[in-house]
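Structure record follows, encoded as structure tokens.
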Amino acid sequence: MNKLISVDFHADFGFLKKPDTNDPMYFTFNMLHKPALLGILGAVIGAKGFYDDEKLGKSQGKGRNATSAYERGEKPDYYAKLGNIKVGITPLKSNKGVFIKDALQYNNGTGFASEEQGGNLIVKEQFLIAPTYRCYIYLEQMDEVETKLRDYLKKGWAEYLPYLGKNDFSLWWDNFHEYEMQQFEPEADRAFEIKSIFIKEDVVKDSKVKTIRFNLMSGIDDSKFMYFENLPIKYDTVLWQYQYESFAFTNFSMKANYKVDNLFITKSLTSNEQQIIQLF
């Protein structure tokens, strides 16, 4: 039986590293993205993540013939088990979708840093302060893995301690909800509001990108906002690099003729609250 659930993830701090920045500072994404969320869910159910088993094999005496999971073309355990799950994400307690950020500098004398000259790496790193996200998870198959995920989220259990980007920043959750849902189809000439982040472009064909059109009939005021960020949505499973989509988050109403794929209207089974979200 298909189920849509949600929980609110909280952390005191977070670091969702942008892979294309490393000098002079490591920068963070503002929004929790799907690959990171799947990693968190994998930790909850005890699925293995990324690790270099070539080095692990050598440390166990298997010598230089040990091969890595990448060379064998294998997906990380959590991604193989959860990679097809559809999710929706809404930032909570943010300033118009944006979380407060700060930066720090520290010395790293362990791990890969030991390969630096002098065995010490000076790290400058941006981080998020008190990020909170409501994450919707659509459990379509409800097999053993997804049943375990639902039960663990509901009970607040985890096999491994989840963290937000690095193991210094532990993560917890609350506010478990289940929903009824149905596909949302806009009614003619009736505006609608999307309560989650959403992909603001259709699949690009002939380099044509659709432009968002907002319903501004009620005027613009300081409480209205539009937030945009290019976010990872999945991995290229050959190179294991992020693939990106352009996301938006806004409290403007959208005109009925603005097309957004995979919108659903949801109703909480406990509060009867209805809202529109995108699952991707």
Enumeration of residues in segment 1-32 that are under 14 Å from the mean Cα position of the chain (by Cα), part of a loop (DSSP other than H, G, I, E, B) and in contact (Cβ under 8 Å) with a residue 60 or more places away in the chain: Phe15, Leu16, Phe29, Asn30, Met31, Leu32
query: Are there any pairs, at least 6 apart or on different chains, whose C-beta atoms fall under 7 Å, with the first in segment 244-263 and within 18 Å of Leu279 (Cα to Cα) and the second small (Gly, Ala, Ser), and if so, which?
result: Phe249/Gly97; Met254/Ala191
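Are any residues in segment 254-266 hydroxyl-bearing (Ser, Thr, Tyr) and either open to solvent by 70 Å² or more (accessible area, probe 1.4 Å) or under 24 Å from the mean Cα position of the chain (by Cα) (or both), and if so, which ones?
So in segment 254-266, the residues hydroxyl-bearing (Ser, Thr, Tyr) come out as 258, 266.
Across segment 254-266, the qualifying residue is only Thr266.
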query: Only one residue in Leu164, Leu149, Leu171 is out of contact with any Phe, Trp or Tyr (no Cβ under 8 Å at 6 or more places or on another chain) and of a type in the set (A, V, I, L, M, F, W, C). Which one?
result: Leu149
- line: Filtering segment 97-118 down to residues that are modelled with pLDDT under 95 and either assigned to a helix (DSSP H, G or I) or at positive phi (or both) yields Gly111, Phe112, Ala113, Ser114, Glu115, Gln117, Gly118
message: Go through (1) at pLDDT 90 or above; (2) surrounded by 13 or more Cβ atoms within 10 Å (Cβ to Cβ); (3) not aromatic (Phe, Trp, Tyr) for Val123 and report which single condition fails.
response: (1)
- line: If we ask which residues in segment 159-196 are farther than 15 Å from Ile129 by Cα and not in a loop (DSSP other than H, G, I, E, B), their number turns out to be 13
Those residues of segment 123-143 which are within 17 Å of Lys93 (Cβ to Cβ) and β-branched (Val, Ile, Thr), in sequence order: Ile129, Thr132
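Residues checked against (1) within 15 Å of the chain's Cα centre (by Cα); (2) closer than 30 Å to Lys17 by Cβ; (3) at pLDDT below 90:
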position	(1), (2), (3)
Asp202	no, yes, yes
Lys224	no, no, yes
Lys234	yes, yes, no
Val238	no, yes, yes
Tyr242	yes, yes, no
Ser268	no, no, no
Ile276	no, no, no
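The values are calculated or read from the model by the stated rules, or taken from the named source; none is laboratory data. Fair warning: this is a prediction, and the values are worked out from it, not measured in the lab. Quick reminder, even Gly has a Cβ in these numbers, built from the backbone with ideal geometry, and neighbours come from all protein chains shown. Surface areas here come from the heavy atoms of the whole protein model, side chains and all, with no ligands, DNA or RNA. Shrake-Rupley method; radii C 1.70, N 1.55, O 1.52, S 1.80 Å.
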